[in-house]
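The values are calculated or read from the model by the stated rules, or taken from the named source; none is laboratory data. From a predicted model like this one, the values you see are computed outputs, not experimental measurements. Glycine also receives a Cβ, built like all others from the backbone with ideal geometry; neighbour counts cover every protein chain displayed.
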Amino acid sequence: MSAQATFVQRDWENRELVEEISSAVKRIASFLTTFDSSTRYRLAALNEKLSQLERQVDYLDARVVNVDAANS
Amino acid sequence: MSLATSLNNVALLSQHVLVDNQPAIQPRPISVQLNASLDTAFGDADLYSNLQSHLAGEARFMRKMYANVDEAMRYFGIIYATRSLSKALPQVKTQDQPDRVAIYEKTHDILRPEVEKMKEFMRFANRACAELVEVIKYLAAIYNKNKEPIVSEPLLLSIVHLLNGFSLLDNMKNMKTAWNNDFAMYKRACTNLKRMDEGETMENQHLYLFLANHDCISTKLRTDVVGIDGYVEVLTSVVNVCVDYYEEDQFALPDEKYALLRAMAFSLSMIDGNDEKTSILRNKRVKLDRALKILRSWPIIPLIGDMQMDPSAYMKHAPHIERSKLQPETEDEILKLQTKYRIITSLDGEIVRFKDYMSRFAIFSNQVRAQENWEPAPDFDLLALVFEGIKLLSSWTTQIHDQAAWKYAHPVDKFSNRNCPETAGEYEKLVKYNYSLEERFALVEMISMIKSVATALQTVSATIAPLIRRCIHRELFTFVQNTLLDITSHSIKKKRPSQSVLVMIRDMLMDAKAVIELPDEDDKKKKKGPAGPSTPVTYRACAPSSTQLNYARVLLESLYNEKAAGMKGTLMKGKDYSSQQIFEMMTFYKRSFLYPYLLDLDKSVLACSDLSVLWFKEFYLEVTRSVQFPIEQSLPWILTDSIIESPSGTATEYMLVPLDLYNDSANSALWALKSRYLYDEIEAEVNLCFDELVFKVSEAVFTHYKTQASCILLDKALKHVLVANHVVRHLDVPTHRFTSLLRQKHVQLLGRTIDFSQLMAQRMNRLLRSSIEMAIGRFEAHEFGTGIMELEGLLDNARLTHNLLSEFLPLDPFEDMLREVDDAVDLTLNNGRIFSHVVMQLIYDFLPNYSFSSGTQQFVRAPIELSQTQVERDAMPKIKHSLLFGNKFVYQAMSNVYEPFKESIGLQQIATIIRVIGQDKIGVLIDELLKNVEVQLVNMVCPYVESFMRGIPVDMKTPLFQYGTLGTFQYFQAHLKPILAYRDLKTEVFHVFRELGNSLIFARLLDQSMLQRDLFTYVQSLPFYTIDRSGVTVPSTTGQVDPTAFFKFVTTHLQGQPFSESLGGRAEQASKLNAPSLARKSLFVRVLERFDALLAPVREKWRGSRPTNGILNIDETSEFYRLWSVLQFAYCTPGAKTEFSTQTLFGEGLPWTGCAIIYLLGQRVRFQVMDICYHIVNVHAVDGQVGNIGSMNIVDFIQEVKNYQRLNDSIFATLQTLLPDRDLHGNRYGVAHPPLDTKKVPTYESYDGEHGTAVSRKIEKIEAGSGVEGHDTRV
């Protein structure tokens, strides 16, 4: 194999390695995007439940605020 | 950690299940954007330089050219986004101004950085021109050397792109004046400050000319190029490349298409000389006709944003090409062009292409995602599929750009669009009124298609990237191993000159992993011809580098180019290659054109789906000297608003698509135009738009679900009748599809995440509260009868709306909202607004002012209101249909439903009261009612009764039968004259008794209603209590769990737990508490009992004195029933014909009070026997006298009495059924003892019913004493 061919061959191999790593990084980026969407969805669902509970507690507070006074 | 482990870990990522149940109606948000371009951009050119030296030189040229193209595009963005600073700077008005120098100095300081930028731009333009001239010189030298040289297409393409860059810059510089103004001001400041040295003055002079003169870059280029010998040949090749690439559709990105057109026009204008000798018409090589035809079909080409250019303008420099030939001439031609530029004309076809592509792509992407390491089948062309997506995107984006350019070039006027007012601004005429509604929807549909395909490609981009590379590697080495090996072997064998090039290509691409053997390594093998791979080859997930591919393509093209030596066969010697081989080489050449776009798929998709230009409006802001246009003139908002306002609602799911234009624009502002203030303006507009969107959508959603709820609740048959009789126009369920929109929990806008669903929920909560507020407000303002019905209707409607919306949105519980608005949140208070209003209306309006009729079982408002208290109602709230029943049609229909309830109150409304205030509040209601009864009784009835009792003449004895009907009547009339003449008798007195009676009747109807309701509930709940319809508990069948037994079972298994011991007992208690009561106590009976108790203080007095005869008072007037007889006489005596009858005025409440008191005092029998009116009737039954007394006919009186008698009997019968023990309760009647001793005169003991037991014992004693079994006789 000539020196030229060796260079080309080595270039192919190096590029393959770079491509492999780059492809992995792309997959990580893509995963992060999907993960971000999914997490935001789950957080929104959780937030929804929490704020609903918070409002419920506020409501119940308002409902019983005078009960102690009335009992005493 | 080793690389293999890391890669393995990355592979494991795909196994994570990432839940996101949000419907995808928005383009895919990109949280992490990775621009991983491995394009070497000729950086590795040296690696191959020893193969062919001229290739390395060309690579250097191309590198420079593309760097200049990038720089040109940067300046293009800067100039477009630049706003004139001079407008904001104060001007020096007079030379005597004291702060003149300070102003100039500040102006100088502020504008200097801008001017530096302008100078850099000028230097760049000069440098880039010089470099282009150098390349043209290089190529011209080749042409001069060889008449038919083979010039590399990639180099020509780089010239095309740079010419395009110059064209863009020139056009931009000609139209934008911000820099000119700023520079003029700077120059003035410098001159006044005398700060410039000679060199700077010179440069400023150049800059002044550079900025002021139009087309100065192209003029300079033209001047420089014309001096080169052979430039025409080079530019002819440029034009021809443009024509070929355009015609063969060899471009992928929208900008590339426009680049070909611009460079074509620009080059043509440079080729044409001024004289006949240098006329373009004499140039045989240029594909002039084809070029002109192409240019003629695109008279308007977009520049950027709101700017466009006319390519024919270049022809003013080409004297031999008529400019008019490039422009449409006839009306017909203009119309054809207009049709071509409009999206709507091609939309249907594009939708078909979209659906076809998406279905094919979905199958592919599902396979890819479903299987790890999925490999395409050999016959599956992955590259073609992906490239088709890019081409589709590109074609649609181009269409949108073209349409926008056409619209900008053709503003609308009041004749072409009658909605366009004469006062409309310039920009409004270009955008707001220039797109018809159909065009807006077509545009939205097209944008949606672009974003869908882009999303589909982006979603799988990371997954398919290695696949694409492997496919490219496979294609490349299939070509190398088969076609190229074949040709190479043949060339070497025949010793053809092309063999060196072929070997070079092979060496350049050489990859030992995929290529098994080389033809020139072993002569034996060469002789045998090409041999297939002996061991299976593996293909890398790696594509050739851009330099490698570029070189290989250039060399390959040089082999089969028609000018190549190998392609010129002679009679004796044919071409070097067979037609099949030529075809294969061409195919590979064209195919490999796609590779760069596929290798950087993300970048290609972004470039093809970027629609930011639809927002930018810098040119018209400068022209109209505006700071910014209102959002109503901004295209993304116009499109969004059209969708919201669309009555059909079919495009609802596209609502977030136009908003993505802001994402594109912001991206472009930051990365392409690099302008912070443009981004800030976009952000501000988005904030405004989004608020507006949320407001409008929430209104639309609420109205939609309200209307839907109304349509569900409205009786179907009634709906049909109302529509058929044209009472309302339509009552259709709306067709908007908000479901996907309402489920959006993370909408991405300018990098921010918005929980749209929560925003909607907040607004729905607020609107539902407003809706309940409106319902209660209307109830408080309405007539009670209609009000209560409408209130229930509105509450039901709001409840159903809440149910429908709760499916998608996290809303507060409806009952909580209702309590909140009803001011009934506090547990210690048991009355809310509704309850208080019901009580108020009942006590102060209904009971005093309504009269009851048992015939209709209805209360109707009496014609004259005698109540002292006037009930004031609140003002009716302003009608807002969305808060009522959704729309005005349903409101009309519902008004029709409630209309009949306006005048009367019956069982239906009473049942409604129970439902609305809740059964648990009935006790409080009754309590309030009885309190009122007590007040009335004590304060009004008792004083009246007592004074009337005193007024009854003591000597009024029942006259003898011989008096006759008339005589008897007149007898009573004469005796009762003072009472009958009492002024307030027929108003105040009757009114008081009526109110009391109404209370009782109301309680009775309430009881009836509750009975119906309880029965209904009971029958429905029977199966749950394992009770059959006859009320007998049946053994539990299989599958039904007896709760008590279950909990007892649990208790035994939970020994020791803190709560376990009490569990069984509590279950038992709960079961008993919740089980339906089989022995229901009547509510009305309880009311009567309470009424009876209220009579206790006056009972003794109203019973009158003990009968003097020991048995019965006959002519005594001290008992209550006597008074009632008098009152009955009064109300049975007909008044004047013009007066309202007692029945009409007071209804049956009046006799109900009398009868109830009489019954509860135990005076029923005496009343029935000795009532004076009944006596007259009895006399009349025998003598049948008729005649008039005054104006009154006695028969009318008799008839009236008979009516009341029947009524009284029925009331007594009712009371007797309900409270049988009260009939003779407390009656004073004598007990006639049987004679104990016949010699003794029988004695009478008075009997007091209330102390019956004691007296009975006394009797028993007597009986025991006498030894005779006694019995009492009741009279």
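Per-residue answers, yes or no, for (1) small (Gly, Ala, Ser); (2) in contact with a His (Cβ under 8 Å, 6 or more places away or on another chain); (3) in a helix (DSSP H, G or I):
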site	(1), (2), (3)
B:1106	no, no, no
B:1114	no, no, no
B:1131	no, no, yes
B:1135	yes, no, no
B:1139	no, no, no
B:1145	no, no, yes
B:1197	no, no, yes
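When segment B:462-502 is filtered for residues that are assigned to a helix (DSSP H, G or I) and basic (Lys, Arg), the ones remaining, listed by number, are B:469, B:470, B:474, B:493, B:494. Of all residues in segment B:22-36, those that are facing chain A (nearest Cβ under 7 Å) and either surrounded by fewer than 17 Cβ atoms within 10 Å (Cβ to Cβ) or over 23 Å from the mean Cα position of the chain (by Cα) (or both) total 5. Restricted to helices (runs of 4 or more DSSP H) entirely inside segment B:651-769, those with at least 3 residues that are among the polar types (S, T, N, Q), more than 14 Å from chain A (Cβ to nearest Cβ) and closer than 25 Å to residue B:455 by Cα are B:660-671. For segment B:481-517, a residue qualifies if it is more than 18 Å from residue B:48 (Cα to Cα) and within 14 Å of chain A (Cβ to nearest Cβ), and the qualifying residues are B:513, B:514, B:515, B:516, B:517. Criterion applied to B:916, B:897 was being in contact with an Asp or Glu (Cβ under 9 Å, 6 or more places away or on another chain), assigned to a helix (DSSP H, G or I), under 22 Å from residue B:727 (Cβ atoms) and among the β-branched types (Val, Ile, Thr), and the one residue passing it is B:897.
Closer than 23 Å to residue B:64 by Cα and in contact (Cβ under 8 Å) with a residue 12 or more places away in the chain - does that describe any residue in segment B:98-117? Checking segment B:98-117: at least one residue is closer than 23 Å to residue B:64 by Cα and in contact (Cβ under 8 Å) with a residue 12 or more places away in the chain. Of the set (1) at pLDDT below 85; (2) more than 7 Å from chain B (Cβ to nearest Cβ), all apply to residue A:5 but (2). In segment B:42-64, is there at least one residue being part of a helix (DSSP H, G or I), closer than 30 Å to residue B:212 by Cβ and either away from chain A (no Cβ under 14 Å) or among the β-branched types (Val, Ile, Thr) (or both)? For segment B:42-64, residues part of a helix (DSSP H, G or I), closer than 30 Å to residue B:212 by Cβ and either away from chain A (no Cβ under 14 Å) or among the β-branched types (Val, Ile, Thr) (or both): present.
Here residue B:1006 meets each of (1) at pLDDT 85 or above; (2) in contact with a His (Cβ under 9 Å, 6 or more places away or on another chain) with one exception, condition (2).
Every residue, every condition in (1) of a type in the set (A, V, I, L, M, F, W, C); (2) closer than 27 Å to residue B:865 by Cβ, yes or no:
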{"position": "B:1150", "(1), (2)": "yes, yes"}
{"position": "B:1155", "(1), (2)": "yes, yes"}
{"position": "B:1166", "(1), (2)": "no, no"}
{"position": "B:1170", "(1), (2)": "yes, no"}
{"position": "B:1180", "(1), (2)": "no, no"}
{"position": "B:1195", "(1), (2)": "yes, no"}
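Among the residues in segment B:1009-1024, are any over 30 Å from residue B:954 (Cβ atoms), surrounded by 19 or more Cβ atoms within 10 Å (Cβ to Cβ) and modelled with pLDDT of 60 or more? Looking for residues that are over 30 Å from residue B:954 (Cβ atoms), surrounded by 19 or more Cβ atoms within 10 Å (Cβ to Cβ) and modelled with pLDDT of 60 or more, one finds at least one in segment B:1009-1024, hence yes. Scanning segment A:8-54 for residues that are of a type outside the set (Val, Ile, Thr), within 7 Å of chain B (Cβ to nearest Cβ) and more than 27 Å from the chain's Cα centre (by Cα) returns A:9, A:11, A:12, A:15, A:16.
Given the options B:809, B:795, name the one that is within 14 Å of another protein chain (Cβ to nearest Cβ), buried (at least 17 other Cβ atoms within 10 Å of the Cβ), within 30 Å of residue B:740 (Cα to Cα) and under 27 Å from the mean Cα position of the chain (by Cα). On inspection, the qualifying residue turns out to be B:809.
Determine if segment B:1158-1174 includes at least one residue that is touching a residue at least 60 places away in the same chain (Cβ under 8 Å), in contact with a Phe, Trp or Tyr (Cβ under 7 Å, 6 or more places away or on another chain), assigned by TED's automatic domain parsing to the domain that holds residue B:953 and over 25 Å from residue B:996 (Cβ atoms). Checked against the condition, which is being touching a residue at least 60 places away in the same chain (Cβ under 8 Å), in contact with a Phe, Trp or Tyr (Cβ under 7 Å, 6 or more places away or on another chain), assigned by TED's automatic domain parsing to the domain that holds residue B:953 and over 25 Å from residue B:996 (Cβ atoms), segment B:1158-1174 yields no hits at all.
In the set B:869, B:828, B:856, only one residue is part of a loop (DSSP other than H, G, I, E, B), closer than 30 Å to residue B:933 by Cα and touching a strand residue (DSSP E or B) at 6+ places or on another chain (Cβ under 8 Å); that residue is B:856. Pairs linking a residue in segment B:670-697 that is free of Cβ contacts under 8 Å to residues at least 40 places away in the same chain to a residue that is surrounded by 18 or more Cβ atoms within 10 Å (Cβ to Cβ) and not charged (D, E, K, R), with Cβ atoms under 8 Å and 6 or more positions apart or on different chains, are B:670/B:679; B:679/B:666; B:679/B:669. Taken together, B:850, B:891 contain a single residue that is within 30 Å of the chain's Cα centre (by Cα) and either aromatic (Phe, Trp, Tyr) or surrounded by fewer than 18 Cβ atoms within 10 Å (Cβ to Cβ) (or both), which is B:891. Right, residue B:882: closer than 30 Å to residue B:976 by Cα and touching a Leu at 6+ places or on another chain (Cβ under 8 Å) or not? Criteria not met by residue B:882. Looking across segment B:863-880, just one residue is of a type in the set (A, V, I, L, M) and within 24 Å of residue B:926 (Cβ to Cβ), and that is B:871. Of all residues in segment B:383-399, those being touching a Ser or Thr at 6+ places or on another chain (Cβ under 8 Å) and among the acidic types (Asp, Glu) number 0. For residue B:819, the criteria (1) away from every other protein chain (no Cβ under 14 Å); (2) surrounded by 15 or more Cβ atoms within 10 Å (Cβ to Cβ); (3) not hydrophobic (A, V, I, L, M, F, W, C) hold in every case but one, which is (1).
Screening the candidates B:1207, B:1236, B:1215 for the property of being outside the structural domain of residue B:1003 (by TED's automatic domain parsing) and at pLDDT 60 or above yields one hit, B:1236.
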